[in-house]
Every structure is written in structure tokens, then in C-alpha cells.
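The next block holds one structure in the form of C-alpha cells; read it before the comments.
Where a number appears in this text, it was derived from the coordinates with a stated rule and is not lab data. Just so it is clear, the model here is predicted, and its values are computed rather than measured. Backbone-built Cβ (ideal geometry, glycine too); neighbour counts: all protein chains shown.
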Amino acid sequence: MSEEVRLMKGNEALAHAAIRYGCDGYFGYPITPQSEVLETLESEMPWETTGMVVLQAESEVASINMVYAGAAAGKCVFTSSSSPGISLMQEGISFIAGCQLPALIINVMRGGPGLGTIQPSQADYFQATKGGGHGDYHLIVLAPSSVQEMCDFVGLGWDLAFKYRTPAMILADGIVGQMMEKVVLPPQRPRRTDEEVRKQCPWAVTGKKNRERNVITSLELDSAEMEILNEKFQETYREIEKNEVRYEAYNIDNCDYLLVAFGSIARICKKAIELAAEQGIKVGLIRPITLWPFPYEAVAAAASNVKGVLVVELNAGQMIEDVRQAINDKAMPIRHYGRLGGIVLTPDEILDSLKNNFLNPEA
């Protein structure tokens, strides 16, 4: 398949991108609002064209452990779910991180806690960026704001995962997963041969051939050795923080106020910025693309000459903690605006919040 322009949902674009990347296997379980990932893979039947395995597992716990096994063999594998399902996967994700394995995990967020609602949310920010499972580990976390990025971040996520031998997550909200836009799908890449996997992943359990046996485990009973292993993890994370920070800066030159938002909410913020400009209010936006590593320096630089910062999220206030870490909030007023329960905020609401917090706080 060559490059192709299509109109489709974010979840559908993600599935097509995985096939075209040359993915070896998908293991997942249906849950709203991401079920189209599995449905699209099943309808496209890539096992007949590329040999890709597509399997609906019996549960989310089974799914992540199948990903664990595939990643240990050096295969390009992934899973997708939504908030409660990702919670069930946390132990497996921690195991994958502890074994230094590349894998891709998709979370199309819905409202919670608990079963919550099937409507969109951004309330899994803490879980994704602070380590939802046990131990001192991080995921590389990419936050798409468009259907095109849902497509593009599949390849980027796997490239980063294999580069650093660590799991990556695409953290999308239900809005971008369900909305339809034009998307440019990449050309088809062939799946790697077994010989290519052995060459690119010498650590993988691919069958012992003219080498010492490989062992994939996160267990180490010697505390001193476990500390050395953890220090190696931290070195990798510092390298990722140094080299892989991504963000979008929008209208930040000479702005008086700064919005910080991620995912689809950043797009709504752009409309709020247009409305503000019509009223003579100069507002800019920083959109973190990597939620981990977080663009601390970019946020601090953009906020250096503004009068106030408004963090806009579809939650009760989570990313605002990283914004406060980036900016000294004793010298700079930092406020939060969000909606809960799956209610999507509007550009007018964002502008009203900006005015109420900074222009007429007495209102």
C-alpha cells in the first residue's frame, strides 16, 4: 500500500497506522471509547496481507501479558484500551518496563473514577506520567490532538520504544479517538524478518543460535544488583528527558496570558485564543506533546513575560502540578480550568475563566 488520504476516526487511523508500520501483533479487549481499534484491525484482516496477528484476549490482564511475551521476543506488538482497562494492565506494564522491553500501549481516556462514563476525559494524566504501576519507572507518553497525530504517533511511539528499550504510551482522550478528520496514511512497511529481529534486538529471546542464552526477567534478589539495574533505568530516563521533549508553541510571541493544554483540549484553546484576540486580549498556548518527558523549560520560557497562566484540562487539575514545577507560582499566578464527568468545555468557557481569573478576578 502506498501513501493514502482517507477520512476516518482517530481510533481507525491508529489501527491502519499500526498495520502500515509493519506491526507483528495486537492483543486487546474491547471497551468504549476505543473499541474501533480492535474492530478496524479485525475488519482489515492484516493476517492475510502482512501476517500480523490480531487477537481479542479474554481480558485486559491477558492482553498486556501477551504484549509482554511478544515484546520479549523482539516483536513489534501493542495493545489498546480505555481508562479502567489500563488500570487492570498496570502490573504488566511495570513488568515490561522492569524487563526493558519496547512495547506500545494505547489509552483512549474516558471519565472516571471506577467505571465512570464512556464520555471523554483527561483524568489519567497522573496514572500515565507518574507511573501507574509499582517501582521507579516511566513511560514515554505522547498526547495526540488530531486524527493525523493518532496516526503519526504510532510510528513515533514504536521508534522511541525500540530506541530506548522502554514501553511507550499514546494517551488520547475520547474526543480525538472518536472524531473524524482527513488523515494521510503512510505507505506500507514490510514486517521485519526473524533475522532482522535477531540483529536489531540481540537481547530478545528469539531462539539460541551461536550466542549465550538471553534471559528476560524483572526479578533480582540481590539488592546491590537491583540498585545497579535501577540506576541504569534512571540513566535511560535522563537521556530521554534530554533528547525527546516535544511540544507545540502557538501565538506565544508578545502574549499577555498563557494557556497550557494537551490533546484535543489544546485545539479548543486555540479557538478561545481567536475569541480573545477579537476582544484585544493577547493569549498564547503551549501544548505538551510529550507529557513525559514534560516540556518544563518550554513552559517556563513561554511564561517568563506573561501576567498569568491558565492550565486547561478535562479533569480536576493534574497537569497543573507539572506546570507549577516549571514555573515559580509565587511570582506568577497559575490557575486551572476544567470540566468533569465527560463534559467537554467550550472556547467561551475558557475565555470566561481567563477573564475571571486575571482580568476581573473580583467578578
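What single numbered condition from (1) under 24 Å from residue 118 (Cα atoms); (2) buried (at least 21 other Cβ atoms within 10 Å of the Cβ); (3) free of Cβ contacts under 8 Å to residues at least 24 places away in the same chain fails to hold for residue 273?
Only one criterion in (1) under 24 Å from residue 118 (Cα atoms); (2) buried (at least 21 other Cβ atoms within 10 Å of the Cβ); (3) free of Cβ contacts under 8 Å to residues at least 24 places away in the same chain is unmet by residue 273, namely (1).
Here's a check for you: in the stretch 133-159, which residue that is small (Gly, Ala, Ser) and crowded, with 22+ Cβ neighbours inside 10 Å is nearest to the chain's Cα centre (by Cα)? So that I can check it myself, show each step before the final result.
Quick first cut of the stretch 133-159, residues small (Gly, Ala, Ser) only: 133, 135, 143, 145-146, 155, 157.
Narrowing the set further to residues that are crowded, with 22+ Cβ neighbours inside 10 Å leaves 143, 145, 157.
On the way: 143: 4, 145: 11, 157: 8 Å.
Result: 143.
Pull up the stretch 230-243, narrow it to residues that are surrounded by fewer than 14 Cβ atoms within 10 Å (Cβ to Cβ) and not basic (Lys, Arg), then point me to the one that is farthest from residue 162 (Cα to Cα).
If we filter the stretch 230-243 for residues that are surrounded by fewer than 14 Cβ atoms within 10 Å (Cβ to Cβ), which is where we start, we get 231-232, 234-235, 238-239, 242-243.
Filter again for not basic (Lys, Arg), leaving 231, 234-235, 239, 243.
Details: 231: 20, 234: 17, 235: 16, 239: 14, 243: 15 Å.
Across the stretch 230-243, the extreme among qualifying residues is 231.
Please state which one of 130, 182 is at negative phi, in contact (Cβ under 8 Å) with a residue 60 or more places away in the chain and basic (Lys, Arg).
Numbers: 130 fails: in contact (Cβ under 8 Å) with a residue 60 or more places away in the chain.
Among 130, 182, only 182 is at negative phi, in contact (Cβ under 8 Å) with a residue 60 or more places away in the chain and basic (Lys, Arg).
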